[in-house]
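Step one of this worksheet: look at the structure below.
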Amino acid sequence: MKLSEATVLVVDDEPELREIFAAWLGRGSCKVLTAANGADALTILAREKIDVLVSDIRMPVLDGVGLVRRVREMGLEIPSIIFVSGFGDVDRREMYDLGVEAMLEKPLRRRDLLGALEQSLMAREELWLTPAVEPMECSVSITIDTRKDAMGGDGFELGRGGCSFSYDRRLEEGKTIDLSIKFPETDRSLQAQGEVRWYHADYELAGVAFRYLDPQCRGWVLERMMTKMARAFIPEGTCHGAGAAGRRSTAGAGSGVEVLHDGRGLDAEVAEGADELAVGGGGGR
Amino acid sequence: MQDFAGLTRDVAFLVYPGIQRLNDLSDVLIAVAYFLLPVVLVKLVRGRRDIPRRGIFFCFIALLVTGAITHVMAVAMPRPHADWLNSALKAETALISLVVLVLLWRLMPSMLALPSRADVETADEHTTSVLESTTVCVMAMDSEWMVNYVNRNAQALLKVQGNMLGMTLWEAFPVDNAVIRQTLLDVMRTRQPAAYEKYYQPLDLSVTVQAHPWNDGGVVIFFSDVSEQKRMQHELDWERVTREQRIQVLARLSASIAHEMKNPLAIIHARASDLAELAEEEEIPREEVAKTCASIVRTSDRAMRILRGLASLARQGSKDPMQKAEVREMVDQTIELVRGRYQTHEISLQSMIPDGLPRVECREVQIGQVLLNLLNNAFDAIDASPDSQRWVRVKAYVEEVYTDGAVGGDGIDWLQIDVIDGGPALSPEVRENLMEPFYTTKPLGGGIGIGLSVSRAIASDHGGDLALHECDGHTCFRLRLPVRATKSSEVAA
């Protein structure tokens, strides 16, 4: 979808910022609605079809996080969400799981906001086509047994903008990353470039937003994203104790045979065409 | 020779019977004296325990006793027997005399070394002058705790009036502290020194004390006044507590302050970058530029106000000199710090400060801290209860000639700042404990409960007070500060 065809809802309790954001978006000739807080926004969301929600977090009555949670609870169609705020006290992992696509720090530039908007309006097919020229800042190459282990974890979940996976070394937020994940049961692998959006040290989980998908894996990744539109932008992953979901060598696969039958392993899910775990959002908490 | 002498004596006795009687009487008297002299010697030796080589006295006693016996024999026994016994006793006397001679000879140096009375007095004076000139206070007690010496410093420090000598320590200074009393008793009993610190309330005195056993069987107490150090320590502690409380309040505010700062910055940033971007693309109308710049100036003023309030609070404030300050400015600065949080939670915050209030002499940082504590408490009270009316009012006014006994009204007006909130009424239990340190009604992590007690201490430090009132059924904290009236200049700040 083009920006000019989109309807954007701007939510901020600061009238002057609301006015500025609206003016910026107006210059991009999209339709702009505004709300002063989460409650007002909720009324508008229930009434209108909104493509992108641009929201502040700290607001009276109902704050941004509360708004996004309510949207999910009410089962409203979820637009792309962009948070614009300071994020000192916000759990990024939960935000991306709730469907937030980008978190922009105030103060911000017009082109950053418009860039994020355009990105979020793009169809998956148009996304992640070109690799970055500059080398990535870090590189992760792991093997994951996607069949559930005894603790019920998968170690890998896919959202509509990225993935989360078990990883026992700290990854710094904001770093670009070369990601290579092998799934030995299926002979598939994920080759991607992305950006680390969060790392949870206690759970040893990392969340990465995609920037480029290698052609050899692009097919199955997009297919998985489409089969059931994920709510989570990056799933928050399954927490089952530090390292429990760990990167598994194939040696760990033997114990997973029984679990294979419940159809939740990656290969089983591909065979059945749909799997809530693998497209994120449905992961157990 | 003996016979010859005996004959001579016997002839004399026969010729003059009076001589016989005088002789016998003398023998009896000498015997009595010789028997009594050892008693005196024993008493002397017992009384002066510092006399060296006491053995010699027993030799003297033995000599005297044998002497006494010879004289008794001379009177009581018939001649031939007496002569025998006399000879034997003489032999013994000779022996003891030789021993005494040797002992006495050897004893001579130490006898000569015994201080004379004059020596002792000089030494005594010397000791006393040392004890009198030392800066340490000295007080000596005998084994019955009877005070027998108090040096000049001690007298001055303890404000001794009249004579303490002859009183027991416990009479002179009722020792209420059982531990200290026991310590002193232990020193007396075990003869081991002890040291402790003590605050003596009647004189507002802090002392460090060393109690030593003394070789007269009593105890000497050395003590020094450390009240000044204690006061300084107390001041430092107090300063630390207020500072920590302020930092705590600031820390609580920091998230909302960061947010408060981000919005104006975002506006300024957006306006300025917009302007720059537009300027590259096209000619910008003058009024557009003016409007944008006005917005930037307005917004940066807002940010400055927040920062000013923050900076003034973050500063060390307790050492600041008292200075005249504008009430409205102080209140506004503080309000600016919490406004964002109030707005976010939809609590209206109204300040009602009339024009023409007198300036009040205070430490601005500390008064800011008090106001911030009150505003935070009001916020918490309202936010914690669904029954609250969501408003807080800050009122300032001057109450003239306020008389309440202790602080008279003459010359002093009181500036009163009321912080009234629409939160639920406080229960009697809460009202009673509210000002106590570490009392808190807030859930764990909400605060440690020193805000109000620190605030009240700050108020009284300023010669005012902080009290809980009720205004039309609402909770009202009233901070009162003295305003020095122009007519009276001698009122203490």
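Here are the numbers for the structure shown:
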{"quantity": "Among (1) within 30 Å of B:Asn376 (Cα to Cα); (2) among the β-branched types (Val, Ile, Thr); (3) modelled with pLDDT of 80 or more, the one test that B:Ile284 misses", "calculated": "(1)"}
{"quantity": "Looking only at the stretch A:84-105, and only at residues there that are modelled with pLDDT under 85 and buried (at least 17 other Cβ atoms within 10 Å of the Cβ), the one that is nearest to the other protein chains (Cβ to nearest Cβ)", "calculated": "A:Gly86"}
{"quantity": "Residue that is farthest from A:Leu104 (Cα to Cα), among those in the stretch A:7-22 that are more than 8 Å from chain B (Cβ to nearest Cβ), aliphatic (A, V, I, L, M) and free of Cβ contacts under 8 Å to residues at least 60 places away in the same chain", "calculated": "A:Ala22"}
{"quantity": "Qualifying residue in the stretch A:169-186 (condition: buried (at least 22 other Cβ atoms within 10 Å of the Cβ) and within 14 Å of the chain's Cα centre (by Cα))", "calculated": "no"}
{"quantity": "Residue within the stretch B:66-73 that is loosely packed, with under 15 Cβ neighbours inside 10 Å and either modelled with pLDDT of 75 or more or not assigned by TED's automatic domain parsing to the domain that holds B:Gly217 (or both) present", "calculated": "no"}
{"quantity": "Any hit, the stretch B:122-135, residues being free of Cβ contacts under 8 Å to residues at least 40 places away in the same chain, assigned to a helix (DSSP H, G or I), under 60 Å from the mean Cα position of the chain (by Cα) and crowded, with 16+ Cβ neighbours inside 10 Å", "calculated": "yes"}
{"quantity": "Selection from the stretch B:316-332 of residues that are surrounded by fewer than 22 Cβ atoms within 10 Å (Cβ to Cβ) and without any contact (Cβ under 8 Å) to a residue 60 or more places away in the chain", "calculated": "B:Asp320, B:Pro321, B:Gln323, B:Lys324, B:Ala325, B:Glu326, B:Glu329, B:Asp332"}
{"quantity": "Matching option when the condition is without any contact (Cβ under 8 Å) to a residue 12 or more places away in the chain, loosely packed, with under 15 Cβ neighbours inside 10 Å, under 44 Å from the mean Cα position of the chain (by Cα) and not assigned by TED's automatic domain parsing to the domain that holds B:Val147, among B:Glu282, B:Glu244, B:Glu239, B:Glu287", "calculated": "B:Glu244"}
{"quantity": "Residues satisfying the stated conditions in the stretch A:107-135, i.e. within 14 Å of chain B (Cβ to nearest Cβ), charged (D, E, K, R) and touching a residue at least 40 places away in the same chain (Cβ under 8 Å)", "calculated": "A:Arg110"}
{"quantity": "Any hit, the stretch A:89-96, residues being farther than 24 Å from A:His200 by Cβ and either of a type in the set (Val, Ile, Thr) or in the same structural domain as A:Ser29 (by TED's automatic domain parsing) (or both)", "calculated": "no"}
{"quantity": "Single unsatisfied condition, B:Lys291 versus (1) within 14 Å of chain A (Cβ to nearest Cβ); (2) assigned to a strand (DSSP E or B)", "calculated": "(2)"}
{"quantity": "Search result, residues across the stretch B:339-370 that are hydrophobic (A, V, I, L, M, F, W, C) and away from every other protein chain (no Cβ under 14 Å)", "calculated": "B:Met352, B:Ile353, B:Leu357, B:Val360, B:Cys362, B:Val365, B:Ile367, B:Val370"}
{"quantity": "Members of the stretch B:177-198 found to be more than 22 Å from B:Ser227 (Cβ to Cβ) and hydroxyl-bearing (Ser, Thr, Tyr), listed by number", "calculated": "B:Thr190"}
{"quantity": "In the stretch B:131-155, the residues that are modelled with pLDDT of 85 or more and among the aliphatic types (A, V, I, L, M)", "calculated": "B:Val136, B:Val138, B:Met139, B:Ala140, B:Met141, B:Met146, B:Val147, B:Val150, B:Ala154"}
{"quantity": "Filter result for B:Arg271 (surrounded by 15 or more Cβ atoms within 10 Å (Cβ to Cβ), over 28 Å from B:Gln366 (Cβ atoms), within 14 Å of another protein chain (Cβ to nearest Cβ) and touching a residue at least 24 places away in the same chain (Cβ under 8 Å))", "calculated": "yes"}
{"quantity": "Residues that are buried (at least 16 other Cβ atoms within 10 Å of the Cβ) and more than 21 Å from B:Glu364 (Cβ to Cβ), drawn from the stretch B:247-257", "calculated": "B:Ser256"}
{"quantity": "Residues that are modelled with pLDDT of 70 or more and among the small types (Gly, Ala, Ser), drawn from the stretch B:408-460", "calculated": "B:Gly422, B:Gly423, B:Ala425, B:Ser427, B:Gly451, B:Ser453, B:Ser455, B:Ala457, B:Ala459, B:Ser460"}
{"quantity": "Test: residue in the stretch A:231-241 that is surrounded by fewer than 21 Cβ atoms within 10 Å (Cβ to Cβ), more than 15 Å from A:Thr143 (Cα to Cα) and either assigned by TED's automatic domain parsing to the domain that holds A:Met95 or at pLDDT 85 or above (or both)", "calculated": "no"}
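The values are calculated or read from the model by the stated rules, or taken from the named source; none is laboratory data. Remember, it's a predicted structure, so these values are computed and weren't measured experimentally. Please note: Cβ atoms are built from the backbone with ideal geometry, for glycine as well, and neighbour counts cover all protein chains shown.
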